[in-house]
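No value in this document is a laboratory result; all are computed from the given coordinates. Not measured: the values here are computed from a predicted model. Cβ: placed from backbone, ideal geometry, glycine included. Neighbour counts: every protein chain shown.
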Amino acid sequence: VTAFGLFGLLHVNYDSATDFISGNGHIKTFQRHVSYRPGEPKPVKACFVILARNQDWRSLRESIKHMEDRFNHRFNYPYVFLNDQPFSDEFKNMTQSMTLADVHYGQIAPEHWSYP
């Protein structure tokens, strides 16, 4: 299972993100405070893209639960699952039941899924 998240490093309070900037060979951090209020547009347009196969749904449960419990239950960023085969109903039902966010499924052509 490969998961790609599109977000910065988050602090435990989830109210600010930390970005790392390299300057003069030194790494320094700066704080960027983000305000998310219900009903307001989200400042960042993003989604979680996850490459998975149908048989991966059991191992994905823990990852999705962790992401929802710690982060996404407040922001509802959508999930995009990609596979080289059509997703099974079992996979779709499990992934949709774990989040209130939109969930989308896509199929990648087999020649693009594997190594060139």
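Taking 0.36 nm per residue of sequence separation and removing the Cα-Cα distance, the Arg53/Gln96 pair yields an extension gain of 13.9 nm. Shape class for segment 66-116, computed from the alpha carbon gyration tensor (a ≥ b ≥ c): prolate, with a/c not under 1.5 and a/b above b/c. Calculated FRET efficiency, Asp84 to Arg61, Cβ-Cβ distance, R0 = 22 Å: about 0.55 to the nearest 0.05.
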